[in-house]
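*Asks:* Just dropping this structure here.
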Amino acid sequence: MKFAGHHILGISQFDRGHVDRIFEVADRMRPYARRERKTSVLEGAILGSMFFEPSTRTRISFGSAFNLLGGHVRETTGFESTAIAKGESLYDTARVLSGYSDAIVMRHPTEGSVSEFATASRVPVINGGDGANEHPSQALLDLFTIRSELADRGRGIDGLRIAMVGDLRFGRTVHSLSRLLTRFSNVRVSLVSPSELRMPEALVEEMRERGVDVVETDQLEVGIANVDIVYSTRIQEERFASQADADLYRGRFRLNQSIYTALCEPNTVIMHPLPRDSRVGAQELDEDLNDDPNLAIFRQSDNGVLVRMALFALILDVADQVDDYSKPVNWSTERRF
Ligand code: NCD
């Protein structure tokens, strides 16, 4: 696949060469994400952003990424503030919005909806999450984070041992990440979930067929021992029939400092796509881990900007021109930490 002009809808469209190229471009975006330099390579370009489900980091980091490349963002959130509330189809919305934009990012609660939208769009569309199906940019930023955390420990992605914990049935981030990990060798994935929230069987099969060693368990202590990464997830309560159904599972697997120290190997990296549910009774990733240097969750969310800048630069075919349009920034870029 060439990137220029292409949609980014799911992980199946990427092979390892694509991943390497995305990461190589993402690495080059650091001076811009750190506000050491600015670039106007996308000056005049417009990103149309439509988020029909709650979002903080995906929406803002996609928008920031486009802005950091010099482009503008036009966005709408929620069905009620769009013409979809008046009965407009995804087809018509896509035809219209793609007339106003150079690229579109969309999140929608229905599986397959972003692909349906993309078929009617005249510009590249990026899937910002379609129901419980996929969240490809999150998987790419997760893998980018895994690569960088393991590099600090003198390791590469091949040979990775990772535990995915929590709601593996509805969690689209773990679906996309699982698929992405099949591009690497000697990967062992330990899937830790209540039996009702197991990873979809087809995805487990796909991983096994592609050589991933998959172990499934409902015991946290079994699943998170002997891994390099613990990837915790939130119970996706919005995808359950009722709050009471979701409450059956909230708080089932809690990682806090004492459990981490007792069960995990030293220096196991702790990840989570965020948001973590910090309400009493949930707390799948306890705030008492905040000062643990192995907690990578905010490095992970920061990396989202790098990876999303890379995706825009590639699909709009400016990846090798970014530095030609760059200057130092004018403002103070001091950060407190
Ligand atoms: C995730 C999502 O929306 O799928 N959030 C995100 O984009 N970082 C995970 C979640 O909501 O639990």
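*Asks:* I'd like the full set of residues that are within 16 Å of the ligand (Cβ to nearest atom), of a type in the set (A, V, I, L, M, F, W, C) and within 17 Å of GLN13 (Cα to Cα), limited to region 123-136.
*Replies:* Correct list: ILE126 only.
*Asks:* Give me the residue from region 233-255 that is more than 14 Å from the ligand (Cβ to nearest atom) and not in a loop (DSSP other than H, G, I, E, B) and, out of that set, surrounded by the fewest Cβ atoms within 10 Å (Cβ to Cβ).
*Replies:* Filtering region 233-255 for residues that are more than 14 Å from the ligand (Cβ to nearest atom) and not in a loop (DSSP other than H, G, I, E, B), the one surrounded by the fewest Cβ atoms within 10 Å (Cβ to Cβ) comes out as ALA244.
*Asks:* Here's something else I'd like to know. Residues that are out of contact with any Cys (no Cβ under 9 Å at 6 or more places or on another chain), over 30 Å from ASP323 (Cα atoms) and not in a loop (DSSP other than H, G, I, E, B): does region 68-77 have at least one?
*Replies:* Yes: region 68-77 contains one or more residues that are out of contact with any Cys (no Cβ under 9 Å at 6 or more places or on another chain), over 30 Å from ASP323 (Cα atoms) and not in a loop (DSSP other than H, G, I, E, B).
*Asks:* Answer with yes or no whether GLY17 is without any contact (Cβ under 8 Å) to a residue 12 or more places away in the chain and either more than 20 Å from the chain's Cα centre (by Cα) or within 16 Å of the ligand (Cβ to nearest atom) (or both).
*Replies:* Spelling it out, it is not the case that GLY17 is without any contact (Cβ under 8 Å) to a residue 12 or more places away in the chain and either more than 20 Å from the chain's Cα centre (by Cα) or within 16 Å of the ligand (Cβ to nearest atom) (or both).
*Asks:* Let me ask you something else. Would you be able to tell me the number of residues in region 290-337 that are crowded, with 22+ Cβ neighbours inside 10 Å, within 15 Å of VAL25 (Cβ to Cβ) and either within 16 Å of the ligand (Cβ to nearest atom) or hydroxyl-bearing (Ser, Thr, Tyr) (or both)?
*Replies:* Total satisfying the criteria: 7.
*Asks:* Residue under question is GLY99, and the condition is that it be over 22 Å from HIS175 (Cα atoms), surrounded by fewer than 15 Cβ atoms within 10 Å (Cβ to Cβ) and assigned by TED's automatic domain parsing to the domain that holds VAL322; does it hold?
*Replies:* yes
*Asks:* Would region 100-108 turn up any residue that is of a type outside the set (Phe, Trp, Tyr) and either out of contact with any strand residue (DSSP E or B) (no Cβ under 6 Å at 6 or more places or on another chain) or without any contact (Cβ under 8 Å) to a residue 40 or more places away in the chain (or both)?
*Replies:* Checked region 100-108: no residue is of a type outside the set (Phe, Trp, Tyr) and either out of contact with any strand residue (DSSP E or B) (no Cβ under 6 Å at 6 or more places or on another chain) or without any contact (Cβ under 8 Å) to a residue 40 or more places away in the chain (or both).
*Asks:* Within the group ALA33, ALA65, ALA26, ALA83, which residue is exposed (fewer than 14 other Cβ atoms within 10 Å of the Cβ) and either among the hydrophobic types (A, V, I, L, M, F, W, C) or more than 16 Å from the ligand (Cβ to nearest atom) (or both)?
*Replies:* Just a single option satisfies the conditions, and that option is ALA83.
*Asks:* Residue under question is LEU69, and the condition is that it be of a type outside the set (Ser, Thr, Tyr), touching a Lys or Arg at 6+ places or on another chain (Cβ under 9 Å) and either closer than 26 Å to MET29 by Cα or at pLDDT 95 or above (or both); does it hold?
*Replies:* Answer is no for this residue.
*Asks:* Can you say whether VAL215 is under 28 Å from GLU201 (Cβ atoms), away from the ligand (no atom under 15 Å from the Cβ) and either part of a loop (DSSP other than H, G, I, E, B) or touching a residue at least 12 places away in the same chain (Cβ under 8 Å) (or both), as far as the supplied structure shows?
*Replies:* yes
*Asks:* Picking from ALA202, ALA151, ALA120, which residue would you name as being surrounded by fewer than 24 Cβ atoms within 10 Å (Cβ to Cβ), more than 16 Å from the ligand (Cβ to nearest atom) and under 19 Å from HIS6 (Cβ atoms)?
*Replies:* Just a single option satisfies the conditions, and that option is ALA120.
*Asks:* For region 131-145, which positions are under 12 Å from the mean Cα position of the chain (by Cα) and farther than 17 Å from VAL305 by Cβ?
*Replies:* GLU134
The values are calculated or read from the model by the stated rules, or taken from the named source; none is laboratory data. Everything numeric in this text was worked out from a predicted model, so none of it was measured. Cβ atoms come from the backbone with ideal geometry, glycine included; neighbour counts cover every protein chain shown.
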